[in-house]
Structure formats: C-alpha cells, structure tokens
Amino acid sequence: MLTSYTWSKTTDNASAAFQTTAAAGSSLAFAQNVLNFNSGEHGLSGLDFPQSWTVSFVEEIPLFRRQPGFVGHVFGGWGISGTYLLTSGQPYTPLQIFLNTFSGGVANDTAFNTNIVGVFDFVRPFVGSNSAPADQVGIFAGDACGLFGVGCSESPTQLISFNAVNNGTGVVEVTNKQVRYIANTGIADSVFGSPFGNAARNASRDAHTSVGNFSIYKNIRFNDRAWLQWHMTMTNVFNHPNFATVDAIVEDAGLSGQGVGFGNPLLTNGGSRTILFGMKVIF
C-alpha cells in the first residue's frame with residue numbers, strides 16, 4: 001500500500017499562454033488591464049490544488065500460491081488492487097463576454113478582443129459578498145433596462161438579480177450581500193469608480209474530485225512461465241459524481257442547461273461507475 005498527502009499553494013499571474021478555457025484552470029489568459037499585468041493579475045494559479053490525498057494498494061492472496069491440483073487452481077491466484085484520489089477543486093476566474101462592452105463600459109479594446117482573441121470583454125466582475133453563493137450575480141437596473149428591457153421602473157443604481165433576469169423570473173431586487181458578483185457594466189464602472197472589476201483572478205473554485213477504482217483478478221497458471229489472467233475492474237467504484245468542470249461565464253448566471261450555468265458545476269456531467277471485464281495471457 002502506498003499513500004501520500006500534499007498541502008500546497010501555487011500562485012502566478014498567468015497559468016497558460018493564450019489558452020482560454022472559459023472554465024476552470026486558465027479561464028481567461030489575458031489581463032483585464034494591460035498596464036497592470038503583475039499585481040492586477042497575480043492570484044491563485046489555475047494549477048492550484050491545495051489539498052490532495054491518494055492511496056493505492058495491491059494484494060495477492062497467499063493461499064494456494066502454487067495452485068496445486070484442482071483445488072489450488074480454483075482457490076489460488078486471486079488478488080485485489082485499487083486506487084483512491086481526493087483532491088480540492090480547480091480555481092476559475094469569473095469572466096464576461098459582452099455585458100461591459102454593450103452597456104457602455106470603456107475598459108475594453110473591442111477591435112482587438114473580437115479580432116485577435118474572439119471575445120468581447122476582458123474585464124472581470126465586481127465582488128458583492130464572498131459569503132453569497134458562488135453562482136449568484138447582480139446587475140444594476142439601469143444596465144439591465146438598456147440590455148434586456150427589464151428593471152426600467154427601478155432606480156438605475158438599484159441592484160437586481162441577474163440570475164432572475166436571465167431565467168425569466170423577472171425583476172428581483174437584491175443587495176450586494178446576496179450576490180457573489182456584480183456584473184461589470186457601464187453603471188457599475190461609475191458606481192465603483194473603476195472600469196476594472198475587483199474580483200481576483202481565480203477567485204472561485206470548482207467542485208472537488210473524489211474517485212476510487214477497484215479491481216479483482218485471478219491468475220490461472222499453465223506453468224511457471226505462463227498464466228491466464230481474468231479481471232473485473234470498476235472505475236469510480238463508489239459511483240461518486242466528479243463533475244467535468246464549471247461554467248465561468250457571468251452571462252450564463254441563472255441558466256440551467258447541460259453544462260451551461262455560471263458557477264454551478266452540478267450542471268456538468270458527473271460521470272458514473274464503469275465495470276470492465278477482461279482476460280489476457282501473460283508469458
């Protein structure tokens with residue numbers, strides 16, 4: 001049996017050159033402010049997994065190891081093996097696609113973004129409350145009115161739920177304590193006094209990974225140099241959902257499609273237990 005535990009922290013200001021995943025890891029490879037790519041971008045690395053524990057084992061049952069006679073061939077040659085991994089989730093950066101540009105924000109070089117990178121916005125949202133659920137986003141009513149035609153009867157600086165706007169619930173007034181992030185929009189820029197969001201790079205974290213694999217096998221000896229091996233292998237033996245990644249796009253807040261819904265890894269495929277049978281000759 002082998003086991004290991006790692007407790008670590010990894011920081012950087014870019015985890016991959018030019019690689020944008022719009023998910024966990026290198027969510028957006030470019031700085032929101034090209035003149036502040038050190039302190040403005042320095043944060044947790046997309047490769048930061050603070051806690052990781054692994055264990056693996058293999059045991060060949062010693063009974064009838066030489067497999068003498070019929071009884072030896074039936075009860076001898078059995079073995080079991082397995083692995084288990086438990087690790088923290090991968091960080092991701094909340095990113096925007098169009099809210100800032102289309103609401104009159106001034107931070108983006110739209111021509112560069114769309115022609116070179118393929119996205120509109122580089123800016124990140126503003127922070128509401130780190131105690132709020134990671135998938136809750138607010139937007140100022142004035143910007144929601146201009147972009148989505150809702151919230152027009154509210155004060156322009158009244159914060160409303162962007163999740164409710166997106167999923168068709170309607171106008172729901174919220175406070176900054178009820179949302180994790182506030183959309184970086186034209187009005188938000190004036191309220192916060194900056195065109196650049198204060199949400200840190202890789203400020204949120206994906207779901208953790210918990211996966212075990214188990215195998216039982218039997219060796220049937222022909223002689224000392226050759227034997228037949230049968231095995232049954234179960235991947236994700238505990239049938240624990242391990243979600244593929246997370247949707248890091250703020251504009252998807254409140255949506256609940258397969259793989260689409262900001263900050264909610266439960267909407268991605270969690271996988272399932274797989275059982276494999278096999279047989280091979282070893283010589």
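General observations
- Single condition residue 85 does not satisfy, out of (1) surrounded by 15 or more Cβ atoms within 10 Å (Cβ to Cβ); (2) outside any strand (DSSP E or B): (2)
- Some residue of the range 147-166 being farther than 30 Å from residue 278 by Cα and in contact with a Lys or Arg (Cβ under 9 Å, 6 or more places away or on another chain): no
- Contact map, the range 32-57: residues that are crowded, with 18+ Cβ neighbours inside 10 Å paired with residues that are part of a strand (DSSP E or B) and basic (Lys, Arg), Cβ distance under 9 Å, separation 6+ or inter-chain. Pairs shown: 44/205; 48/205.
- Considering only residues in the range 117-142 that are in contact with a Pro (Cβ under 8 Å, 6 or more places away or on another chain) and closer than 12 Å to residue 187 by Cβ, the one that is surrounded by the most Cβ atoms within 10 Å (Cβ to Cβ) turns out to be 140.
- Residue under evaluation residue 54, criteria (1) in a loop (DSSP other than H, G, I, E, B); (2) out of contact with any Pro (no Cβ under 8 Å at 6 or more places or on another chain), criterion not met: (1)
- Which numbered condition residue 19 fails, given (1) closer than 14 Å to residue 200 by Cα; (2) modelled with pLDDT under 90: (1)
- Residue check for residue 213: under 30 Å from residue 63 (Cβ atoms), out of contact with any helix residue (DSSP H, G or I) (no Cβ under 6 Å at 6 or more places or on another chain) and not hydrophobic (A, V, I, L, M, F, W, C): yes
- Selected residue (criterion: farthest from the chain's Cα centre (by Cα)) from residues of the range 258-279 that are in a strand (DSSP E or B), surrounded by 11 or more Cβ atoms within 10 Å (Cβ to Cβ) and of a type outside the set (A, V, I, L, M): 278
- Wholly within the range 153-257, strands (runs of 3 or more DSSP E) carrying at least 1 residues that are modelled with pLDDT under 95 and of a type in the set (S, T, N, Q): 209-221, 227-235
The values are calculated or read from the model by the stated rules, or taken from the named source; none is laboratory data. These numbers come from a predicted model, not from an experiment. Using ideal geometry, Cβ is built from the backbone for each residue, glycine included, and neighbour counts are taken over all protein chains shown.
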